[in-house]
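Trainee: The following block contains the structure, expressed as structure tokens.
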Amino acid sequence: MDWKGTEQASMERHAPNHSSSSSIPATENTVWADASPLLETVCKELRDGELIHGDNFNLYAAMSALEIMDPKMDSGIINKYASVDEAIEDGLAPVPISIDKTVDVQCIIDIIDHLLACEATWHKGHSLAQTVFSCAYLVRPERTLSHALLDSYCKVIRATCKAVTTIVSDARTHEEEDLFTMSYGLPLNVEGDEKCLSLLNAVEENISRQLRACKAPLSKRKPLEDIEPLQTNFDLEEGYCKALLCRLRFRKHFCHVLTCMRRPQGRGLELARKHIASCISELGSILNSAEFLMFNAYGTCEDGTEDRTTASGRQAIGFDANLNSRISAPTPPRSIKILSWKKAIKYFENLLHHLDIICSYPLDPSLDALLRFVAQFQKAQPDLVARVHLQLLLVQDGKLYGRYPILAVIIRAARLTEVIMRHDILKNEYFVQLGQIVINMLKILCTNAAWQRRKLGKILQDWRAIYSQLELAFRKESGEGSSISNGENASAGILKHILIWVEEQTYWIAHRFLVLGFELELYSPSEYCMVYWYLSAVLIRLAEKKHLKMTVSDGSAKQKGKKRKDSPKDLAREARIPPAISFLQCQICLAEGLALLLAALRNELIALQSPSPFNSEHERFLQHFELLQKACIPDLISYPSFKESTSCARISSVVMYNYFKDAQKIAKEVKSSFLNDPDRSAELRILEQVAEHNSVALNVISRAGALDPSLKVSFEFIHHPYFATVVVKRS
């Protein structure tokens, strides 16, 4: 049965006078048949849950089937209007909106506000056709040509949508929000839209003159009498001029932000920050205009409706959510709730704040600093548009920021000198592959948390594979089974540094993979023990590799310097643990302390155990760490080793080896080393706080006795996103 035939018959029955131009014409391969009589007959016989199907119909087809005449499934069903033209003929989008100029201005402000709400909803991942382009004025550009204000605003909206769609497509992150870039043939490239800003500037200047005219003293008003007012009520002129100006200026500056941030090599970031500041200022003025607009709409300033999509609270003219339902195929229309006007403004404030953070980054060629910045930026959970701008800033033409060759960045990260860039060994294929893997990693780190975690787990295989290739090359250069001596050749020395860095980076990715599980709430409290145990193992290896990189680098630098007898001061300096390693040691102590405390509570109190009827603890271990286990990260780590190291844990032994006190001590000692790094200083304070709370909680548990039935112990993420705070209560 051809569902299209049913759709056509339904259209002919419901809209007999409608022009045939909106119907899908028959072709050589398509014959339209009226299936209505068949459907009417079958409906009398079918019971609930039954369906008509052919012999080749199967479960897969059932999952992909469309239910005819269901508004949520059938994109061809006629709603209020069969087409945009029919909606316009019915008066959906009049131009001018009203012959009363005051009403006309009020309605245009409502349209602008509702478009802002639609745009924010679109950015959140909904269909462009059902959000921004639910406005008939945008779909039929020729309608607005006679209305300068409405026409200029519609042009800049289309240009903005085009710019955002292009940047998301260029970054190829639209897979996260599969509907985001689908335009369904909507008019995004209308002739004349490229001049949108000049037209908007002209309209803005005209309204500015109208505002100056109405604010001018009586003595100066005569020379300004030739300026036509915005609307007819002089008492409302200033308020409406201000309300329109802040909206037009916001749109102008936002368009400039998008343009400046696309300039190559970050050349437009400084100018973009100025436009961002202007945008935020105008958003404040837009919020302040709500009281005036609401009072003139209803005679009151009270905000009675939270879900309103306009500042005035009125419904905007010219919108219909199902306006483009006929061109939204192959996906059925979704049920979309447009964000409220206040939530839309809040969204744009957050977006601009995140873009400002990106623009303020100094474009440091240090990969370590960059990875810390991206991880910190992602903690704020920025939306797609901000993350896309970050990705396109980081990776341009295969270079970091479009400035630094990726191999040069790797050489710097491995603590090698830039002179190495001229060495022939860097021309080998495995170095080209390593560069591509680093680029892929940077792109992945700019995706949303769920997508990022999944991709990071898979990319670990690539890092392990490239490590194996580099290791083979290193053995070939240095001699099978031999270690690097003082007389090592240059190629072997380069490979040694790169190998250490690749291992360090692999464990950094594994650490990121594990902590994202906390953000995504993938772990249940009964699984915290195995997660912290695995996390501590990864952190230990990460600290080892980072320390090894520093040691090898310092050793190489020493060999190049003049030989001299080391003084006691130099030896003491060498014995000191670098602050970056101490920072990791603090986290290791917290992870080990939590893992052992959880194991002890489980062993003594039989607490935090929730046997699943679906899978065993061993199966859950494999589910959480399968991707790490496949890449052998870390080596010799398995479920039996987890059980062996935690099965004998007791509260008394946890108190004896109080890892929380160690973490607290390290945090205090190393804090002064990060005074110039506000992010890590802030995290150290939080880690110290968690360690202090957990140390106190451990003492309370120990004094009360592990078998006290009134003792209730829980693990909550009050202070830190993935190091839990132990909360002890009595029932």
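Trainee: Order these peptides, 356-368, 272-284, by their mean beta-carbon neighbour count within 10 angstrom, highest first.
Mentor: Final packing ranking: 272-284, 356-368.
Trainee: Under a 5 Å amide H to amide H cut-off, with H placed in plane at 1.01 Å, what residues pair with F717 once short-range neighbours are removed?
Mentor: Correct list: T725.
Trainee: Quick one: what are the phi-derived ³J(HN,Hα) couplings along the range 450-467, Karplus 6.51/-1.76/1.60 with θ = phi - 60°, whole Hz, x for glycine and proline?
Mentor: Taking θ as phi minus 60°, the curve returns 5, 5, 4, 5, 4, 6, 5, x, 7, 6, 4, 4, 5, 5, 5, 5, 5, 4 Hz for the range 450-467.
Trainee: Would you mind classifying the range 609-731 by shape? Square roots of the alpha carbon gyration tensor eigenvalues, ordered a ≥ b ≥ c; an a/c under 1.5 is rounded, otherwise it is prolate if a/b is larger than b/c and oblate if not.
Mentor: The shape class here is oblate.
Trainee: Using the reciprocal of the averaged 1/r over all distinct C-alpha pairs, how large is the Kirkwood radius of the range 245-299 in Å?
Mentor: Computed over the range 245-299, the radius equals 12.2 Å.
Trainee: Full extension from L622 to D364: what is 0.36 nm times the residue separation minus their Cα-Cα distance, to one decimal in nm?
Mentor: Here the segment from L622 to D364 would lengthen by 89.0 nm.
Trainee: Same structure, new question: In whole Hz, what ³J(HN,Hα) sequence does the range 101-117 give by Karplus (6.51, -1.76, 1.60; θ = phi - 60°), x for Gly and Pro?
Mentor: In residue order, the calculated couplings are 4, 5, 5, 4, 5, 4, 5, 5, 4, 4, 5, 4, 5, 5, 5, 4, 5 Hz.
Trainee: Calculate the length of the line joining the C-alpha centroid of the range 438-467 to that of the range 85-123, in whole Å.
Mentor: 45 Å
Trainee: Under the rule of at least 5 residues apart or a separate chain, name every residue whose amide H is placed under 5 Å from the amide H of V395.
Mentor: Amide H to amide H, under 5 Å and 5 or more residues apart or across chains, V395 pairs with Y401.
Trainee: From Cα coordinates alone, what are the radius of gyration and Dmax values for the range 76-175 in angstrom?
Mentor: Considering the range 76-175 through its Cα atoms, Rg and Dmax are 14.9, 47 Å.
Trainee: Could you work out, for the range 120-202, what percent of all Cα-Cα pairs fall into each 10 Å distance bin, beginning at 0 Å and stopping at the bin that holds the largest distance?
Mentor: In whole percents, the pair-distance histogram is 18, 50, 27, 6.
Trainee: Would you kindly derive the ³J(HN,Hα) couplings of the range 232-245 from the backbone phi angles with the Karplus curve 6.51 cos²θ - 1.76 cosθ + 1.60 (θ = phi - 60°), listing them in order in whole Hz, with x for Gly and Pro?
Mentor: Calculated HN-Hα couplings, in order: 8, 8, 4, 5, 9, 4, 4, x, 6, 4, 5, 4, 6, 4 Hz.
A short reminder: the numbers here are calculations on the coordinates, not readings from a lab. All values reported here derive from a predicted model rather than from experimental measurement. Here the Cβ is made from the backbone with ideal geometry for all residues, glycine too, and neighbour counts use every protein chain on show.
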